[in-house]
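Notes to accompany the following structure.
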Amino acid sequence: MSHAPVSLPEIAIAGTGPAGTIAAILLARAGASVTLVGRPPVADRIEGASMRLVAAMRAQRLATEGMGPLVERSVQWGALTGAPNREHRLSRRDFDAALIEQAAATGVRVITTGIARVRPGVITTTDGTEIRAALVFEARGRRAPVAATRLRGTPTVSIAGYWEQDMPAADILAMTDGWRWRIGGEGRTWVQVTVDADAARDPAQVWARMTGATPSADLSVCASALRLSAPQFDPGLPRLGDAAVAMDPLSGHGLFWALGSALMAVPLADALSRGETALAAQFYRDRVVGTFQRQARVGRDFYRAAGLDGPFWARRSAWPDDLPAETLPPATPCLDRRVVVRGGRLTEADVLVTPHDPDGAAFVGGVEIAPVLARLPRGPLPDRDAFAKRILPDVPPAVAGRVHDWLAERGVTTAPARKHKEVHP
């Protein structure tokens with residue numbers, strides 16, 4: 001469902017990284033008056049971009065400049081070896097600049113200056129200018145202030161720079177004191193090493209030891225532990241991207257999370273403008289806190305899979321807990337009450353929770369699933385033709401067939417029982 005909300009407040013966004021800029025584009029498309037404030041990066045850095053990210057960006061009609069061709073990525077991760085993935089070499093400077101240019105072309109007012117302070121309703125720039133708006137989003141990444149209740153993994157830093165030789169592909173190598181990622185292109189190789197924060201007092205020495213190369217003069221050193229900056233939703237200053245959850249680079253999920261969190265901006269702004277703070281808070285908890293918990297446990301399992309000894313690996317193999325990475329699915333499909341986006345707005349709705357969909361599914365092929373379930377007869381699921389004619393007569397047969405097949409894969413034949421009678425956000 002992609003209908004825009006009826007009205008949105010005037011909005012300002014602090015931060016010109018991908019999360020803030022994409023949010024600005026989407027909000028402007030939805031009819032909001034948007035001001036984007038921040039200083040774009042001067043120094044370039046290289047990241048890996050998955051095929052899934054590129055497909056999602058194109059589906060949202062977003063700029064994808066800065067993407068190099070796909071290359072094979074080999075992995076030597078303890079007992080895990082192989083070349084299971086491919087990725088694009090991405091220039092963050094070019095990528096960010098193209099998105100900022102697209103934002104301006106979409107009607108966003110772009111102010112490329114430093115930010116001194118952000119508070120509800122006001123962004124103050126380094127020259128003392130105040131940009132006021134009915135709603136301000138915090139999207140300054142790891143530069144955003146953290147709440148006292150913030151949660152984070154083991155303190156970690158990533159040290160990155162160029163090796164003046166090229167390589168035709170990409171690779172990941174688990175090492176005694178951390179891990180190394182390399183990707184070639186344009187005549188030289190970008191190399192990033194990730195280690196314990198307290199082991200990187202001399203970044204150039206650490207980088208040289210883990211790469212076997214002479215470090216460039218402009219090494220980039222940044223904190224890279226997974227961090228939940230603000231577990232509690234602040235309706236006066238909602239957060240996007242790394243300002244909400246800063247990703248561990250191990251996951252390769254950073255840019256995808258930037259896009260995913262930016263997609264929250266329109267329904268969050270709409271809900272807050274309507275005074276639906278409880279819905280917005282529940283939506284934030286489900287998406288932001290849930291993402292942090294899932295990434296923490298997925299990362300833990302991947303560190304364990306390396307099977308390596310030493311303090312670096314022991315710390316990360318034990319955090320955050322021993323719970324499974326994914327929510328334990330129900331034994332049989334059931335209905336639960338969740339906050340979903342319907343027609344561009346947040347609302348409580350029934351979702352179908354199955355072993356395939358532990359987080360719940362509200363829509364299939366653009367069709368809301370709960371009303372479909374209510375119309376199912378007792379007994380076996382009707383065949384495709386009967387399902388299209390009796391259950392979904394008002395949608396194209398191809399879409400009805402997709403919904404039918406989705407239900408059949410999950411063994412749903414009749415309206416399932418409810419997991420909980422009600423949930424209050």
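Out of all the residues in the stretch 334-343, is one or more open to solvent by 30 Å² or more (accessible area, probe 1.4 Å), of a type in the set (Val, Ile, Thr) and closer than 30 Å to Ala32 by Cβ?
Looking for residues that are open to solvent by 30 Å² or more (accessible area, probe 1.4 Å), of a type in the set (Val, Ile, Thr) and closer than 30 Å to Ala32 by Cβ, one finds at least one in the stretch 334-343, hence yes.
For the stretch 201-224, what are the residues that are of a type in the set (A, V, I, L, M, F, W, C) and crowded, with 21+ Cβ neighbours inside 10 Å?
Val206, Trp207, Met210
Report yes if Leu99 is touching a Pro at 6+ places or on another chain (Cβ under 8 Å) and either open to solvent by less than 10 Å² (accessible area, probe 1.4 Å) or in a strand (DSSP E or B) (or both), otherwise no.
yes
Pull out all pairs, ordered by first then second residue, where Cβ-Cβ is under 7 Å, the residues are six or more apart or on different chains, the first lies in the stretch 137-154 and is in contact (Cβ under 8 Å) with a residue 40 or more places away in the chain, and the second is surrounded by fewer than 15 Cβ atoms within 10 Å (Cβ to Cβ) and in a loop (DSSP other than H, G, I, E, B).
Ala147/Gln232; Thr149/Gln232
Could you please let me know if Val118 is closer than 26 Å to Pro238 by Cβ, in contact (Cβ under 8 Å) with a residue 60 or more places away in the chain and either touching a helix residue (DSSP H, G or I) at 6+ places or on another chain (Cβ under 7 Å) or not hydrophobic (A, V, I, L, M, F, W, C) (or both)?
It is false that Val118 is closer than 26 Å to Pro238 by Cβ, in contact (Cβ under 8 Å) with a residue 60 or more places away in the chain and either touching a helix residue (DSSP H, G or I) at 6+ places or on another chain (Cβ under 7 Å) or not hydrophobic (A, V, I, L, M, F, W, C) (or both).
Out of the stretch 25-60, which residues are crowded, with 19+ Cβ neighbours inside 10 Å and either under 20 Å from Gly114 (Cα atoms) or of a type in the set (Lys, Arg) (or both)?
If the condition is that a residue be crowded, with 19+ Cβ neighbours inside 10 Å and either under 20 Å from Gly114 (Cα atoms) or of a type in the set (Lys, Arg) (or both), then Val34, Thr35, Leu36, Val37, Gly38 are the ones that fit.
Just to be sure before I move on: is Asp198 surrounded by fewer than 19 Cβ atoms within 10 Å (Cβ to Cβ) and assigned to a helix (DSSP H, G or I) in the structure I sent?
Spelling it out, Asp198 is indeed surrounded by fewer than 19 Cβ atoms within 10 Å (Cβ to Cβ) and assigned to a helix (DSSP H, G or I).
Results for (1) of a type in the set (Gly, Ala, Ser); (2) at pLDDT 95 or above; (3) more than 29 Å from Ala325 (Cβ to Cβ), shown as yes or no for each residue.
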position: Arg345; (1), (2), (3): no, no, yes
position: Ala349; (1), (2), (3): yes, no, no
position: Val353; (1), (2), (3): no, no, no
position: Gly360; (1), (2), (3): yes, no, no
position: Gly365; (1), (2), (3): yes, no, no
position: Ala370; (1), (2), (3): yes, no, no
position: Pro382; (1), (2), (3): no, no, yes
position: Phe387; (1), (2), (3): no, yes, yes
position: Asp405; (1), (2), (3): no, yes, no
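The values are calculated or read from the model by the stated rules, or taken from the named source; none is laboratory data. Predicted model only: the values in this text are computed from it and were never measured. Methodologically, a virtual Cβ is constructed for each residue, glycine included, from the backbone with ideal geometry; neighbour enumeration extends over all protein chains shown. The protein model used for the area step is the full one, side chains on, heavy atoms only, and it has no ligands, DNA or RNA in it. Shrake-Rupley method; radii C 1.70, N 1.55, O 1.52, S 1.80 Å.
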